[in-house]
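To start, the structure under review is shown below, and the notes come after it.
Every number here is computed from the coordinates shown, using simple stated rules; none is lab data. Since the model is a prediction, treat every value here as computed from it, not as a measurement. Heads up, the Cβs are rebuilt from the backbone with ideal geometry, glycines too, and the neighbour counts pull from every protein chain shown.
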Amino acid sequence: MNKKGLLLVLMEDSSGTELYDILASRKAEEAAWRRYQAASWLENLVGPIGISNNPSEKEFISRLRNGLVLCNAINKVHPGAVPKVVEIHAPLLPLTRESQPLPAYQYFENVKNFLVAVEELRLPAFEASDLERDSLEAGSGTNVVDCILALKSYHEYKQMNPNGFYKPARSPMVIHSAIRNNSQPISSDSCRRLDMSAACEKETPTGSELKKIEDLIAKKLAEHMADTKENMDSNFLMSLRTGNNMDPMKLFSDILLSCLGDKLQNKFPELKSTAKGGSLPAHSSIKPKEDSSEPGDSKCCQACLRKGNCNHRQLIQMQEKELLDIKALLTLTKREFQGLQSQLQTDLRELGIQVQEMSTAALGYHRVLKENRNLYNMVQDLKGNIRVYCRIRPAFGDRTSNVIDYIGDDGSLVISDPLKPQKDGKKVFQFNRVFGPTATQDEVFMDTQPLIRSVMDGYNVCIFAYGQTGSGKTYTMSGPSGRSTKDMGINYLALSDLFQMSNERKDIVNYSIQVQMVEIYNEQVRDLLAEDSTATKN
Ligand SMILES: Nc1ncnc2c1ncn2[C@@H]1O[C@H](COP(=O)(O)OP(=O)(O)OP(=O)(O)O)[C@@H](O)[C@H]1O
């Protein structure tokens, strides 16, 4: 079954007369309200026009028939819109053809000029004939009212936006008017049923009139449905067909909303809240956009719609975008962190390898050091565990005669006694090394110094001087008398070397150094550092 057929069945199933009366009553109320708005605005704009508070369509049209009020109004809204207005100086009485003081063509001039001006402002116009007939046809007054209310909207817009571009809004009533203009005219009798005038409001439509109106509504609804997508599903139609107990006005509203769908809701956002309030059937295929969101969000947006301002969806979208950015950043950071972790592990592995290599090198070094030490001490052994050096003290004063005949580099010493024959007077001695009278303290210590290192390696070493009185033992071992640091003897130089080497090896070996001073004199040993230095030991 096609849609038109469905709608016709629907209209027949509803109680026709009752539905028609309710529809007519609602439309009449709305038309009266709009006439009142148009008349009030005109009076505010151009002054009293002699019209009642609740004008009938006939009264309203008769007041505007000469076009004077309309021209004055549009000139107030848009100065100069109608350059030449035909003035009428007559009391404010209802104007019929008989009471018109000027020829009708002059009034027609005003109306024609007004309509031209309205066209130039791109506002919905009406036909001049809408004002000419005393017996009005259905919708004639509606067109005029629509035009005046559009002019009113234009005026209000221009007052708020002097330089703005006015885009005329189409209200459902304007749509209704347009439909009427494109359709065949409805009989004046039928139209009278939609009027609020006392003469018409109680009349009951005949069957043929009712059928005509029903056909017209069904045709227009079917045209809208054809223009839109499948806005009505079979469930909805079935429910309508069987919905005998439904409120007829609600039913009509549902049909309109279903047929016009999003197109109408987009043009008139206020219908969204109406639709959400229950006018749309729950099973309708037309769903408000908010229905797809969360319940809390929907409530929130309803509240915002009432305020005329809703930015929650935009905020949510922004937050979702930020969330995505943060997620991307987190992923990037995780990747960088993993890269750093991997790099750190590589560095640690390389460091471990280097430490291992250094440890191996250190072990090798210690092994080599030990070997070197062993070789060193072996050399010292080879040089002899007991070494004897000879130092010749310089001669003093008049004892200038020199008995030293020869000092060899190999430690040989030849002494000649001038008092004895040549052969018997010569004596040869052999030492490890012989230091002549000119040898310095440092030269003597140089040969002793390797033994100090042997001490630090754990070998026992003993150095002592032997000789007759005044031969220079004290001088060689301690140095010249007095506190001079110049020409220090072997004892001081050896101790200095000992502490220096101990300091160099402090990280490897902890040395403990003790000093003891004894004197061996006449076969007796005396502790020189003891408090009772007179105590002796044999
Ligand atoms: N190589 C030297 N050069 C210059 N002066 C020296 C040298 N050897 C010793 N003398 C001087 O000779 C003197 C005697 O030396 P020293 O006192 O050292 O002898 P000694 O062997 O210690 O005597 P004693 O056994 O009586 O103590 C000192 O005045 C000392 O300065």
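Here the mean projected area of the convex hull built on the C-alpha positions of region 319-435 is 17.4 nm². Region 434-466 and region 475-538 have Cα centres lying 14 Å from one another.
In this structure the amide hydrogen of residue 427, modeled in the peptide plane, comes within under 5 Å of the amide hydrogens of 415, 416, 417, none closer than 5 places in sequence on its chain. Computed from phi, the 3J(HN,Hα) profile of region 407-424 under the Karplus parametrisation 6.51, -1.76, 1.60 (θ = phi - 60°) reads 10, x, 5, 8, x, 8, 9, 10, 10, 10, 9, x, 7, 10, x, 4, 6, 6 Hz, with x in place of Gly and Pro.
Our note on the geometry: Cα centres of region 364-420 and region 30-44, 142 Å apart.
Taking the Cα centre of region 389-507 as origin, sum charge times position over the Cβ atoms of Lys and Arg (+1) and Asp and Glu (-1), and report the length of that vector in debye to the nearest 20.
In total the dipole reaches around 380 debye.
Less than 5 angstrom separates the built amide H of residue 435 from those of 390, 391, 392, all sequence-distant by 5 or more or on a different chain.
Taking amide hydrogens as placed 1.01 Å from N in the peptide plane, the amide H of residue 518 sits under 5 Å from those of 528, each at least 5 positions away in sequence or on another chain.
If you take all other residues with their beta carbon under 11 Å from the beta carbon of residue 369, and give Lys and Arg +1 and Asp and Glu -1, the sum is +2. Listed cross-link partners 112/152; 58/112; 426/473; 76/112; 76/152; 76/158 are compared with a 22 Å cut-off, the Cα-Cα value being larger for 426/473. Phi angles across region 444-455 convert, under the Karplus curve 6.51 cos²θ - 1.76 cosθ + 1.60 with θ = phi - 60°, into 3J(HN,Hα) values of 5, 5, 3, 7, 8, 4, x, 6, 5, 5, 5, 4 Hz, Gly and Pro given as x. Counting only the Cα atoms, region 389-507 fills a convex hull of 129 Å³ per residue.
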